[in-house]
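The values are calculated or read from the model by the stated rules, or taken from the named source; none is laboratory data. In this text the structure is predicted, and so the values were computed from the model without any measurement. Cβ placement follows ideal geometry from the backbone for every residue including glycine, while neighbour counts extend to all protein chains displayed.
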């Protein structure tokens with residue numbers, strides 16, 4: 001069965017302060033509970049070893065703050081707003097310790113069971129978010145997960161149009177064990193478990209990811225401006241941050257302009273005969289039994305007309321649309337009133353006085369979905385108009401719809417949208433981490449950007465530079481290359497997933513502080529969320545051993561170095577080969593292509609193995625300019641080295 005993979009879906013303020021190392025002061029009171037520390041600092045936390053340790057929080061304005069751990073003490077002064085930041089001296093791996101903060105004004109706070117080791121931030125979309133409980137052999141994995149030297153913390157989903165200093169929901173550190181690991185990121189946990197076989201130090205794991213998210217919402221506003229091309233959307237986001245209604249109004253104008261460029265109708269004002277009754281109960285439109293909607297990934301219009309009395313229409317009201325999957329743009333009486341995203345989540349919209357009027361009122365909702373289930377779900381008792389006097393008019397039933405062909409495309413996204421907007425996830429799920437000490441970042445994302453992979457290399461490079469500016473130094477990145485998913489190619493063909501993998505490969509190739517974990521052979525062509533996350537974690541750990549810890553192991557198996565024309569052959573040389581190249585289940589490597597200058601002109605070719613080279617037969621191929629390997633959504637590739645690691649997909653130019 002072939003699968004057509006479609007798009008799935010305040011920076012922390014740190015006030016510089018002079019830092020003085022001093023002896024403990026006798027005038028300080030004994031510790032008593034007080035929220036002096038930022039919430040990232042809690043019992044069971046892991047602090048980054050072998051580098052100065054930043055610690056920060058809030059106290060009384062201009063108060064002197066004493067911070068101590070294991071006989072190391074510093075004193076700083078809070079600024080006029082009460083923000084303080086200290087930097088403890090570097091420490092070797094060890095613990096447990098007690099971290100204590102005291103102020104001259106008498107406040108104090110202590111956190112205990114603190115370890116010093118290596119801290120990793122794990123981020124991305126659903127394949128990073130996938131929990132241990134959804135992986136292979138999960139029951140046994142959870143049962144044997146007890147490890148006090150692995151500590152985990154998960155950041156809850158949140159968005160903000162502006163950078164936040166604090167998380168919107170509480171966070172907590174916990175030691176690895178059956179109670180904490182089942183719902184924790186599997187890739188993140190399996191990475192740490194594997195890494196500890198070679199690096200015997202405590203490991204702290206901060207998990208901050210969101211299924212279905214594109215890369216753009218994970219990059220700060222400044223980072224996106226460095227990339228360029230996002231200026232208009234970022235300006236709209238600033239309008240929304242100041243005044244959400246003004247932002248929604250402006251988005252409505254942009255949305256309507258986009259529609260008029262693609263269609264001649266105006267469904268938010270028209271009530272003609274093109275509207276058909278929605279089958280009841282309201283549910284996923286792919287289940288309606290209507291042929292054109294059975295596999296429809298695109299847009300559908302919904303309309304509901306209600307008659308109101310003058311009294312009902314006189315004041316403000318709340319429009320409750322029930323659950324919608326995924327993006328809606330909603331109008332009332334021809335005026336845009338809101339845009340939201342969610343997987344079947346409720347959509348309540350506040351209507352100002354004057355939005356309704358006596359007589360007929362039209363509620364029109366455009367729902368767009370790029371995959372999977374889609375539509376307005378209700379249920380009926382969650383759909384209604386609640387008036388200012390408390391009365392509610394039910395809106396379940398009597399909805400009509402219009403089909404929109406997929407060729408129309410997708411409308412502009414709200415820049416404040418969670419998984420598909422700009423910078424909003426960074427603002428709420430990364431910015432509050434401040435300058436917390438990290439040893440590296442694990443990034444597993446890209447599925448939601450496959451349809452516009454041309455931008456992805458620049459965006460991934462921008463994200464790496466952006467977070468380095470926050471966390472400091474040449475922060476190492478371990479990037480998971482997308483696995484096999486979708487159709488297996490029977491002939492050379494275009495592939496969005498292959499394009500995205502190539503963008504990931506090139507971004508890593510151009511970054512001296514990044515490494516790639518190739519997973520082209522451990523995915524599942526039929527599952528967007530392959531359950532073998534143990535292999536992914538192990539390959540990330542190997543990449544870390546190479547990049548971060550300087551071990552003499554290749555980061556990710558054979559990596560193409562050059563492709564040289566040699567008469568009727570093209571010789572592809574590889575770096576990072578352990579022992580020699582190996583072809584599995586054949587006497588030669590497969591999945592090699594030679595391509596001419598025309599993007600679509602590629603041909604499968606025969607190839608032969610040498611120790612660290614592959615010789616490709618170019619006979620009969622006129623003027624080849626590129627070599628492609630393992631190209632496609634879910635290609636079958638058999639080139640490995642003796643370590644058992646695969647050569648990853650690539651496209652490189654042929655040197656004449």
Q: Would you mind telling me which numbered condition in (1) outside the structural domain of residue 53 (by TED's automatic domain parsing); (2) part of a strand (DSSP E or B); (3) out of contact with any helix residue (DSSP H, G or I) (no Cβ under 7 Å at 6 or more places or on another chain) residue 122 fails?
A: (3)
(Q) Please verify whether residue 540 is crowded, with 24+ Cβ neighbours inside 10 Å, in contact with a strand residue (DSSP E or B) (Cβ under 6 Å, 6 or more places away or on another chain) and closer than 23 Å to residue 654 by Cβ, treating the condition exactly as stated. (A) no
Q) Does residue 409 satisfy the condition of being surrounded by fewer than 20 Cβ atoms within 10 Å (Cβ to Cβ), in contact with a helix residue (DSSP H, G or I) (Cβ under 7 Å, 6 or more places away or on another chain) and at positive phi? A) yes
Q. Taking the stretch 371-400 only, how many residues are under 13 Å from residue 284 (Cα atoms) and surrounded by 18 or more Cβ atoms within 10 Å (Cβ to Cβ)?
A. 5
Q: Scan the stretch 281-303 for residues that are assigned to a loop (DSSP other than H, G, I, E, B) and surrounded by 13 or more Cβ atoms within 10 Å (Cβ to Cβ) and report the count.
A: 8
Q) Do we find a residue being modelled with pLDDT of 95 or more, touching a helix residue (DSSP H, G or I) at 6+ places or on another chain (Cβ under 6 Å) and more than 20 Å from residue 350 (Cα to Cα) anywhere in the stretch 269-285? A) yes
Q.
For the stretch 218-262, give me the residue count where each residue is part of a loop (DSSP other than H, G, I, E, B) and either assigned by TED's automatic domain parsing to the domain that holds residue 328 or surrounded by fewer than 13 Cβ atoms within 10 Å (Cβ to Cβ) (or both).
A. 3
Q) So which residues in the stretch 340-368 are within 24 Å of the chain's Cα centre (by Cα) and at pLDDT 95 or above? A) 346, 347, 367, 368
Q | Pair list, Cβ < 8 Å and 6+ apart or interchain, from the stretch 153-179 residues that are in the same structural domain as residue 142 (by TED's automatic domain parsing) to residues that are surrounded by fewer than 19 Cβ atoms within 10 Å (Cβ to Cβ) and assigned to a helix (DSSP H, G or I) | A | 161/238; 161/241; 162/241; 178/143
(Q) Considering only the stretch 507-521, I want to know if a residue exists there that is outside the structural domain of residue 644 (by TED's automatic domain parsing), within 26 Å of residue 422 (Cα to Cα) and modelled with pLDDT under 95. (A) no
Q. Where residues in the stretch 562-581 are under 35 Å from the mean Cα position of the chain (by Cα) and surrounded by fewer than 18 Cβ atoms within 10 Å (Cβ to Cβ), which of them is nearest to residue 625 (Cα to Cα)?
A. 562
Q) From 132, 65, 55, 98, which residue is crowded, with 20+ Cβ neighbours inside 10 Å, more than 17 Å from residue 437 (Cβ to Cβ) and outside the structural domain of residue 177 (by TED's automatic domain parsing)? A) 65
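Residue-by-condition table, conditions (1) modelled with pLDDT of 95 or more; (2) not in a strand (DSSP E or B):
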| residue | (1), (2) |
| --- | --- |
| 28 | no, yes |
| 40 | yes, yes |
| 51 | yes, yes |
| 68 | yes, no |
| 73 | yes, no |
| 76 | yes, no |
| 85 | yes, no |
| 97 | yes, no |
